[in-house]
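The values are calculated or read from the model by the stated rules, or taken from the named source; none is laboratory data. Everything numeric here is computed off the predicted structure, so don't read it as measured data. For neighbour counting, all protein chains shown are included, and Cβ atoms are generated from backbone atoms with ideal geometry for every residue, glycine included.
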Amino acid sequence: MDTTVHLLDRGTMELDLNYPLEGAVTATASNPNPDAVRAEGPVFNLLVDHPAGTLLWDTGSHPRAGAGHWPAEVYDTFTHRDADEHPLPAALEEVGYDLADVDHVVQSHLHLDHAGGLHNFAGTDVPVFVHERELKRAYFAAATGRDAAYIRGDFDHDLNWAPLYGDGGLLFDGLEWLHLPGHTPGLVGLLVEGGTADGRDLFVVGDQAYSAANYEDGHPMGRDLLHSRPDWEASLRRCRDVERRRDPLVVYGHDPEQVDRLPDVL
């Protein structure tokens with residue numbers, strides 16, 4: 001199938017290392033006051049040019065994340081200093097596309113570093129695929145303040161929502177989505193047939209694994225990045241089963257070393 005995938009650079013976010021890696025910095029008897037560690041993780045989107053249309057995977061952080069779009073206390077925790085330098089239209093232009101070329105959007109979930117570009121599609125007929133459980137969770141969290149990673153201004157727009165139901169299915173021939181709850185209730189992954197330069201399948205698990213350590217070592221993310229630890233473990237088993245059957249390139253959510261290599265393999 002004639003499918004090409006492009007990496008869209010959306011900048012770098014910084015956060016405490018204990019968020020993506022549970023217990024990464026832990027007090028011990030010999031070191032009762034360890035220094036906290038702030039880690040950097042790339043924010044990126046994928047553009048899938050497929051015979052059925054051009055599909056955008058996630059929309060990144062809002063360009064005004066540091067200028068009031070994110071509440072100050074949230075920005076102090078999840079800091080995306082260069083979000084304004086990597087707006088979605090510019091990121092698309094860097095790979096030879098523009099907003100008008102996007103036929104479909106798939107939101108892996110609706111956290112602030114993944115859904116902040118949805119405003120670009122407000123008032124259009126571009127379908128925005130998102131799991132129905134994620135849409136419900138996002139509005140519930142925004143209304144109750146239960147989860148600061150959801151910013152209502154990211155997703156509360158006049159959008160052509162196309163809810164996904166169940167555990168998975170085909171979006172288009174050669175493009176399959178999978179429900180991977182755990183990080184959030186409605187996280188979804190994307191399996192792209194022949195999505196790499198050498199024709200290997202591409203399996204985007206997104207924030208099921210913030211980095212390789214979560215996926216390859218089974219090291220869970222911290223409690224504040226897991227909606228449900230049992231669901232996360234079950235989703236990890238499901239991903240590994242897909243990997244055994246399909247031998248795809250598995251793409252994580254924010255792994256800096258992997259993102260550096262991706263342009264060479266896509």
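Taking only segment 230-266 into account, find how many residues are charged (D, E, K, R) and touching an Asp or Glu at 6+ places or on another chain (Cβ under 8 Å).
Of the residues in segment 230-266, the ones charged (D, E, K, R) are 231, 233, 237-238, 240-241, 243-247, 255, 257, 260-261, 264.
Applying the additional criterion that residues be touching an Asp or Glu at 6+ places or on another chain (Cβ under 8 Å) yields 246-247.
Residues flagged as charged (D, E, K, R) and touching an Asp or Glu at 6+ places or on another chain (Cβ under 8 Å) within segment 230-266 amount to 2.
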query: Which of the following residues is outside any helix (DSSP H, G or I) and at pLDDT below 95: T26, T54, T12?
result: T26
Which numbered condition V205 misses (of (1) out of contact with any His (no Cβ under 9 Å at 6 or more places or on another chain); (2) more than 18 Å from P248 (Cβ to Cβ); (3) surrounded by 17 or more Cβ atoms within 10 Å (Cβ to Cβ)): (2)
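Could you pull out the residue among R240, R223, R229 that is among the charged types (D, E, K, R), within 26 Å of L17 (Cα to Cα), in contact (Cβ under 8 Å) with a residue 60 or more places away in the chain and surrounded by fewer than 21 Cβ atoms within 10 Å (Cβ to Cβ)? Before you say what the answer is, go through the steps one by one.
Details: R240 fails: in contact (Cβ under 8 Å) with a residue 60 or more places away in the chain; R229 fails: in contact (Cβ under 8 Å) with a residue 60 or more places away in the chain.
Just one listed residue meets the conditions, R223.
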- request: For segment 64-76, enumerate the residues that are surrounded by fewer than 16 Cβ atoms within 10 Å (Cβ to Cβ), assigned to a loop (DSSP other than H, G, I, E, B) and either in contact with a helix residue (DSSP H, G or I) (Cβ under 6 Å, 6 or more places away or on another chain) or not basic (K, R) (or both).
  value: G68, P71
- request: State which residue is modelled with the lowest pLDDT when the search covers only segment 148-187 and only residues that are among the aliphatic types (A, V, I, L, M) and part of a loop (DSSP other than H, G, I, E, B).
  value: A148
- request: Can you confirm whether segment 120-135 contains a residue that is surrounded by fewer than 24 Cβ atoms within 10 Å (Cβ to Cβ), at pLDDT below 95, assigned to a loop (DSSP other than H, G, I, E, B) and of a type in the set (A, V, I, L, M)?
  value: no
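Run down A115, A138 and say which single residue is surrounded by 21 or more Cβ atoms within 10 Å (Cβ to Cβ), under 21 Å from V48 (Cβ atoms) and in contact (Cβ under 8 Å) with a residue 12 or more places away in the chain.
On the way: A138 fails: under 21 Å from V48 (Cβ atoms).
Just a single option satisfies the conditions, and that option is A115.
How many residues does segment 16-53 contain that are of a type in the set (D, E, K, R) and in contact with a Gly (Cβ under 6 Å, 6 or more places away or on another chain)? Walk me through how you get there before you give the answer.
So the first thing to find is which residues in segment 16-53 are of a type in the set (D, E, K, R), and the list is 16, 22, 35, 38, 40, 49.
Among the residues that remain, those that are also in contact with a Gly (Cβ under 6 Å, 6 or more places away or on another chain) are: 22.
Within segment 16-53, residues that are of a type in the set (D, E, K, R) and in contact with a Gly (Cβ under 6 Å, 6 or more places away or on another chain) number 1.
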message: Condition first: of a type in the set (G, A, S) and surrounded by 18 or more Cβ atoms within 10 Å (Cβ to Cβ). Now tell me which residues in segment 51-63 satisfy that.
response: G60, S61
statement: The number of residues in segment 34-50 that are surrounded by fewer than 18 Cβ atoms within 10 Å (Cβ to Cβ) and modelled with pLDDT under 95 is 4
statement: Filtering segment 77-112 down to residues that are surrounded by 16 or more Cβ atoms within 10 Å (Cβ to Cβ), small (G, A, S) and either within 20 Å of L55 (Cβ to Cβ) or at pLDDT below 95 (or both) yields A91, S108
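Name the residue that is farthest from the chain's Cα centre (by Cα), counting only residues in segment 188-225 that are in a helix (DSSP H, G or I) and of a type in the set (A, V, I, L, M, F, W, C).
Our first condition is that a residue be in a helix (DSSP H, G or I); within segment 188-225, this holds for 212-216, 223-225.
Restricting the remaining residues to those that are of a type in the set (A, V, I, L, M, F, W, C) gives 212-213, 225.
Numbers: A212: 14, A213: 17, L225: 13 Å.
Result: A213.
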